[in-house]
1. Checking the structure you have, find out if any residue of segment 93-105 is of a type outside the set (A, V, I, L, M, F, W, C), in contact (Cβ under 8 Å) with a residue 60 or more places away in the chain and surrounded by fewer than 16 Cβ atoms within 10 Å (Cβ to Cβ).
2. Give the residue that is nearest to the ligand (Cβ to nearest atom), with candidates limited to residues of segment 46-58 that are without any contact (Cβ under 8 Å) to a residue 40 or more places away in the chain and open to solvent by 20 Å² or more (accessible area, probe 1.4 Å).
3. Being away from the ligand (no atom under 14 Å from the Cβ) and either modelled with pLDDT of 95 or more or crowded, with 20+ Cβ neighbours inside 10 Å (or both) narrows it down to one of ASP84, ASP76, ASP61, so name that one.
4. Listed residues GLU69, GLU33; which is more than 9 Å from the ligand (Cβ to nearest atom) and open to solvent by 20 Å² or more (accessible area, probe 1.4 Å)?
5. Given the criteria over 24 Å from PHE52 (Cβ atoms), polar (S, T, N, Q) and surrounded by 12 or more Cβ atoms within 10 Å (Cβ to Cβ), does SER118 qualify?
6. Taking the options THR174, THR148, name whichever one is open to solvent by less than 60 Å² (accessible area, probe 1.4 Å), touching a residue at least 24 places away in the same chain (Cβ under 8 Å) and more than 14 Å from the chain's Cα centre (by Cα).
7. Could you look through segment 13-30, keep only residues that are open to solvent by less than 40 Å² (accessible area, probe 1.4 Å) and away from the ligand (no atom under 12 Å from the Cβ), and pick out the one that is nearest to GLN183 (Cα to Cα)?
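The values are calculated or read from the model by the stated rules, or taken from the named source; none is laboratory data. What you see is a predicted model; the values in this text were computed from it and never measured. Neighbour counts run over all protein chains shown; Cβ positions are idealised from the backbone, glycine included. With ligands, DNA and RNA removed, areas are computed over all heavy atoms of the protein, side chains included. Shrake-Rupley method; radii C 1.70, N 1.55, O 1.52, S 1.80 Å.
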Amino acid sequence: MRLILLGTPGAGKGEQATRLSKKFGIPHISTGELLRGEMDEGTPVGCRISGFVNKGELVSDDITQAILEVRLQEADCFPGFILDGFPRNLNQAEFLKKALRRMDTRVDVVLNIEVSDSTVVERLTNRNRKDDSPETIRHRLKIYRNVTAPLVDYYDTAGILKRINGDSSLEKVTKRILSSLGQTI
Ligand code: AMP
């Protein structure tokens with residue numbers, strides 16, 4: 001199963017991806033985590049991107065795509081994967097389509113986790129991440145609306161989008177996701 005999770009920052013993508021990863025035994029791939037890993041290790045890429053990540057700006061497509069493609073080629077991705085935080089714009093979506101085609105595969109389902117603004121603010125202010133200051137949160141939400149949200153129509157047109165109401169407890173949202181995939185816990 002090859003899944004993409006879409007949704008605003010704070011929609012609960014990370015938590016849901018972790019749960020689905022356990023349930024299906026496939027890796028949860030978060031480009032945010034991969035990029036933070038580069039920063040924590042102080043790699044040359046990590047040094048180049050830290051200013052962007054800490055301000056809530058998107059990292060360049062070239063860097064993110066290269067890191068993602070390497071990860072997708074690891075053996076554990078062969079049975080499937082859950083993407084969280086990628087693609088973030090239409091260019092990355094097109095890249096992903098081509099990269100998967102080169103690997104003779106494609107995305108099966110895109111889940112759009114839909115939440116109200118109040119849920120987003122509540123969830124983000126309860127996290128403890130460096131890029132979760134009120135100003136950065138506002139900026140990341142603006143980028144989401146302007147640059148990432150068009151992916152919802154893109155995948156709807158492709159016929160693989162499922163909309164999930166994310167305004168409930170993590171457990172309830174997981175149940176909704178699984179039932180939309182025709183699975184039970
Ligand atoms: P996330 O953990 O998905 O909220 O991502 C945290 C930060 O990492 C974002 O605000 C961006 O700076 C960067 N990032 C993560 N994924 C991408 C991506 N696909 N393209 C560009 N930047 C990204």
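1. yes
2. Ranking the qualifying residues of segment 46-58, first place goes to PHE52.
3. Of the residues listed, the single one that is away from the ligand (no atom under 14 Å from the Cβ) and either modelled with pLDDT of 95 or more or crowded, with 20+ Cβ neighbours inside 10 Å (or both) is ASP76.
4. GLU69
5. No.
6. It is THR174.
7. Looking at residues that are open to solvent by less than 40 Å² (accessible area, probe 1.4 Å) and away from the ligand (no atom under 12 Å from the Cβ), I get LEU20.
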